[in-house]
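Read through the structure below, which is laid out as structure tokens, and then see the notes.
The values are calculated or read from the model by the stated rules, or taken from the named source; none is laboratory data. Since this is a predicted model, take the numbers as computed values, not measurements. A quick note on method: Cβ atoms are made from the backbone with ideal geometry, for glycine too, and the neighbour counts reach across all protein chains shown.
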Amino acid sequence: MRRAGTSGLSLSRLGLGTMTWGRDTDEHEAADQCRAYLDAGGNYLDTAAMYGDGDSERVIGGLIGTLFKREDVVIGTKAGITFVSGERVVNASRHSLMAELDKSLTRLGTDYVDLWQVHTWDSDNPLDDTLSALDYAYTSGKARYVGVSNYSGWQSARAITRQENFPSKAPIATVQNEYSLLNREIESEVLPCITQLGVGLLAWSPLGRGVLTGKYRQGTPSDSRGASSHFAAFVDPYLDDRSSRIVEAVSVAAEGLGFSPLEVALAWVRDAPGVTSAIVGARTGAQLRGILMSEEIMLPEIVRDVLNEISAP
């Protein structure tokens, strides 16, 4: 377990992402994944109102009381992005966020979430309006802790400092951003910001949207996310020459250490300075068990240094 910054929130250093639950991953497969994750010592389930149009939250709600006790698991969800007639809509207004929170609690079948996050920055609504929804959730007890997601460095700093300057406001406990050997952009501003301000980092897509597993070295497998209509555009940016060079370096390091490329790439993120929890997802329980094997390894410092140099932004 690791403490999220200076807050009282403790998370396992690997979190379980549930973006595909209820859509590509059915209830039985989700239960198998969750069981494997909890048996390995994990405690953090990461979801969002937009995942599967709420189906991910519904699946988690169905596991509460049957697979685990509510108080034994940290559930984090996010609000602020919806799809209206197939179009992605960002709305982090107080009105919209509070309505989404109530819907999330209904789908989850619980009266509180442990961590509630604004899913992304909304340039069309005042920040104070957005943050007031976090204050409401926090003071009402509907959210034990609050955070922000996909904020830039200056956006994170502004939100965190606005909240810490007033005792009556909800302190930002976490930020959630993409972070992997293929994407180290947060190192320039976000990581220095949260390190100075005592906020934890939840790293999403630590395997470079699946590319760092090495599965795309010889092309795009038919059963991969890169071949899926849902995720092809999501994976494509990391199928370039730069990414290929990093993947080859990870693969060489893995072969030399007797590990898999997945284990090397995940261990690099998991133990990077500032990271509270790296969020992993899987299609099957068997795949997740393979991912969880990374908990047994640590990268030698010389390997970490070489990977740092090769993947430097």
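Just one of the numbered conditions (1) modelled with pLDDT of 95 or more; (2) assigned to a helix (DSSP H, G or I); (3) over 17 Å from Ala203 (Cα atoms) is not true of Leu299; which one?
Exception for Leu299: condition (2).
Regarding region 108-121, can at least one residue be identified that is over 22 Å from Pro273 (Cα atoms), at pLDDT 95 or above and acidic (Asp, Glu)?
Within region 108-121, one or more residues are over 22 Å from Pro273 (Cα atoms), at pLDDT 95 or above and acidic (Asp, Glu).
Does Leu108 fit the bill of being farther than 23 Å from Lys169 by Cα and among the hydrophobic types (A, V, I, L, M, F, W, C)? Please lay out each step first, then the result.
On the way: farther than 23 Å from Lys169 by Cα: yes; among the hydrophobic types (A, V, I, L, M, F, W, C): yes.
When the stated conditions are applied, Leu108 passes them.
Considering only region 254-266, I want to know if a residue exists there that is at pLDDT below 90 and part of a helix (DSSP H, G or I).
Step one: filter region 254-266 for residues at pLDDT below 90, giving none.
No - not one qualifying residue is present in region 254-266.
Table: residues versus (1) out of contact with any Phe, Trp or Tyr (no Cβ under 8 Å at 6 or more places or on another chain); (2) farther than 14 Å from Asn183 by Cα; (3) at pLDDT below 80.
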position: Thr213; (1), (2), (3): yes, yes, no
position: Arg217; (1), (2), (3): yes, yes, yes
position: Ser222; (1), (2), (3): yes, yes, yes
position: Ser228; (1), (2), (3): yes, yes, yes
position: Phe231; (1), (2), (3): yes, yes, yes
position: Leu239; (1), (2), (3): no, no, no
position: Ser243; (1), (2), (3): yes, no, no
position: Ala249; (1), (2), (3): yes, yes, no
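When the residues of region 265-290 are filtered to those that are free of Cβ contacts under 8 Å to residues at least 40 places away in the same chain and touching a Ser or Thr at 6+ places or on another chain (Cβ under 9 Å), which remaining residue is farthest from Pro206 (Cα to Cα)?
So, considering only residues that are free of Cβ contacts under 8 Å to residues at least 40 places away in the same chain and touching a Ser or Thr at 6+ places or on another chain (Cβ under 9 Å), the one farthest from Pro206 (Cα to Cα) is Gly290.
Starting from region 78-104, take each residue that is surrounded by fewer than 21 Cβ atoms within 10 Å (Cβ to Cβ) and list its partners that are of a type in the set (Phe, Trp, Tyr), counting only C-beta distances under 9 angstrom and pairs at least six apart or across chains.
Listed by first residue and then by second, the contacts come to Val89/Phe83; Val90/Trp121; Arg94/Tyr136; Met98/Tyr136.
Can you go through Ser7, Ser12 and tell me which one is among the hydroxyl-bearing types (Ser, Thr, Tyr), under 15 Å from the mean Cα position of the chain (by Cα) and surrounded by fewer than 22 Cβ atoms within 10 Å (Cβ to Cβ)? It would help to see each step written out before you state the result.
Details: Ser7 fails: under 15 Å from the mean Cα position of the chain (by Cα).
Unique residue meeting the criteria: Ser12.
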